[in-house]
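A short write-up of the structure that comes next.
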């Protein structure tokens, strides 16, 4: 990839910016890693990671991405130029779509605050809004990941079952907060090309759902396979030690459906 970038800079290899721009919008533990791995399996798509998650390092989460201290400083202090010059730069002419992940709560303060006005002003920017219908599973997944420090399974090896107790008030706050984030994002990007994608559908039928995604991005269909694997196969009742108590507490509320696994 470094040789390819050098060839692009020297004009040896044809390049351009005539490709579609996109973002993967969501929150943690809703399947964005699965989606990004499938996008990167396509020969004409470049999908970067959570580049505005960590100020201490450049989280391209992409094996072929170049990094330097100068680039890091640009990301920290001039994020709009960073996006224009380093993310949405010239690529080989065969590249059809380029994008990155950003979560609702990323780039909200300080020098990164201009990121959101920039994205909202890019009216041709395609937005893949990935959600998880069952927010309880999102909350559980995050809690388990924090305990195990295992955020993604790249080997396919079975992971040790982990059961946790969940606090009612924490669950409720996360349900309300996540739904508010989702609704606000849909409203903000209503004038953009916007694709709604559910993790449950993607996990069940990634070939069919990726067909929708590729159509949305304007790229030809390719059969792709994910490079990551499902981390847990426990039921909610197995994974949550106080499952019955929680289910009773949420009975009769708008969140009761999260306890139905059928």
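Within the listed set 227, 141, 68, the Gaussian network model of the chain (springs between alpha-carbon atoms below 10 Å) gives the highest mean-square fluctuation for 68. As a rough footprinting exposure proxy, the listed residues 23, 128 were ranked by other beta carbons within 10 Å of their own, and the order from fewest upward is 23, 128.
Over segment 167-262, the alpha carbon radius of gyration divided by the compact-protein estimate 2.2 N^0.38 Å works out to 1.39.
Annotation: extensible slack from residue 17 through residue 66 equals 15.8 nm (criterion: 0.36 nm per residue apart, minus Cα-Cα distance). The slack between residue 80 and residue 43, meaning 0.36 nm per residue of separation minus the straight C-alpha distance, is 10.6 nm. In this rough spin-label picture, where each label sits 7 Å from Cα along the Cβ direction, the residue 120-residue 147 distance is 3.9 nm.
With the simple spin-label model, which puts each label point 7 Å out from Cα in the Cβ direction, the residue 260 to residue 89 separation comes to 5.1 nm. Starting at 0 and stepping by 10 Å, how many percent of the alpha carbon pairs of segment 2-259 end up in each bin? Going from the shortest bin to the longest, the percentages are 6, 28, 34, 22, 8, 2, 0. As a proxy for reagent exposure, ranking 166, 120 by other Cβ atoms within 10 Å from fewest up yields 120, 166.
For the chain, adding -39500 (n - 2.57) for each run of n ≥ 4 DSSP H residues and dividing by the number of residues yields -11500 deg cm²/dmol at 222 nm. Stretching residue 109 away from residue 212 to a fully extended chain increases their span by 33.7 nm, per 0.36 nm per residue minus the current alpha-carbon distance.
The angle between the Cα long axis of helix 135-148 and the longest principal axis of the Cα atoms of the chain comes to about 80 degrees, rounded to the nearest 10. Seen against the Cα atoms of the chain and their longest principal axis, helix 168-188 is set at about 40 degrees. Relative to the dominant Cα principal axis of the chain, helix 206-217 is inclined by about 40°.
With each label modelled as a point 7 angstrom along the Cα→C-beta vector, the residue 170-residue 220 pair spans 5.0 nm.
Read-outs: derived from the displayed coordinates by stated rules, not from any lab. Worth saying up front: this structure is predicted, and the values here are computed from it rather than measured. Quick reminder, even Gly has a Cβ in these numbers, built from the backbone with ideal geometry, and neighbours come from all protein chains shown.
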